[in-house]
Amino acid sequence: TEPPPQHLPKVMIDQFVDLSMKKFDEVLARRQDIPRELAQTKHRILATFIMTRGATGGEASADISPQVVALATGTKCVFGKKLKADGSVVNDCHAEIACRRSLLCFFYSQLHMALTQGQDESCKSIFEKRRDGMFQLKTGFAFHLYISTAPCGDSLVVKTCPGQLRVKKEGSRDTVRVKAPQLEGKLTQSWDGSTTREPLLTMSCSDKLLRWNVLGIQGALLSNFISPIYCSSIIIGHQFKHRHLQRAVCERVLGEGEDCLKPSLYGCSSAAQ
């Protein structure tokens with residue numbers, strides 16, 4: 001059973017955002033191949049996963065050892081004609097999606113550590129072995145997602161068809177609603193169509209966050225080895241609307257027979273520009 005979402009004091013939220021920005025500047029300083037003007041553009045969107053250990057309910061945030069374990073920026077999806085059959089091209093490069101890819105690398109490294117170092121107290125892995133042979137997150141560890149602006153898709157929908165699945169359409173900056181024939185499988189994307197004439201459709205970030213809150217952020221492959229891991233909180237910078245974000249990332253499936261974790265949702269005023 002997953003622990004309940006953690007409620008964060010404002011000082012801790014600000015600390016998480018500050019840590020995210022400092023880590024971005026640190027990574028940027030090491031990457032001389034990234035043009036300064038590109039990295040500092042006002043349209044940059046930043047996403048990070050922050051790992052904490054220990055209680056987060058009090059004001060003494062130093063006790064939880066917050067650490068940025070994954071970071072990414074991005075606002076684009078690949079054009080269909082640039083897709084590769086060997087998987088060498090990443091389709092969705094929106095910040096929160098690329099950041100979760102980075103988080104999976106961290107999970108794999110921690111699982112490898114748990115397998116090679118054994119299960120004594122000296123093992124520094126975040127995972128511990130269960131009696132059935134699976135691994136689970138050690139007690140006290142939690143993951144928090146920070147995004148400098150609200151995820152695309154349903155969290156940004158105020159009036160027109162809220163609560164619907166939406167996709168990013170190739171060549172468009174907006175998302176479009178998935179229509180009934182597509183949901184019924186009557187209109188499916190094909191490899192030939194997406195790489196030649198038809199616009200590539202990619203699941204919106206709001207829908208992907210919703211999926212993570214049901215299935216976990218660890219992905220399908222890691223689910224064979226570890227118990228599901230969920231975000232304890234989601235922190236949003238710009239365009240934060242609590243009611244719409246809550247509907248988008250969890251409430252759309254409540255009451256439909258799905259078991260969905262409801263992370264704590266926060267907005268912050270010190271987000272990356």
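The values are calculated or read from the model by the stated rules, or taken from the named source; none is laboratory data. This one's a predicted model, so the numbers in the text were calculated from it and none came from an experiment. Because the Cβ atoms are built from the backbone with ideal geometry, glycine has one as well, and the counts that use them run over all protein chains shown. Calculation scope for accessible area: heavy atoms of the full protein, side chains included, ligands and nucleic acids excluded. Shrake-Rupley method; radii C 1.70, N 1.55, O 1.52, S 1.80 Å.
Counting charges near Leu222 (Lys, Arg +1; Asp, Glu -1) among other residues having Cβ under 13 Å from its Cβ returns a value of +2.
Answer with one residue from Cys105, Leu83, Phe143: the one whose Cα lies farthest towards the positive end of the charge dipole of the range 69-145, charges on Cβ with Lys, Arg +1 and Asp, Glu -1. Checked the options; the winner is Leu83. Solvent-accessible surface (1.4 Å probe) assigned to Tyr108 amounts to roughly 90 Å².
The accessible-area ordering, largest first, of the residues Asp92, Asp174, Asp18 stands as Asp174, Asp18, Asp92, per a 1.4 angstrom probe. Along its first, second and third principal axes, ordered by size, the range 83-167 spans 54, 35, 26 Å in Cα coordinates.
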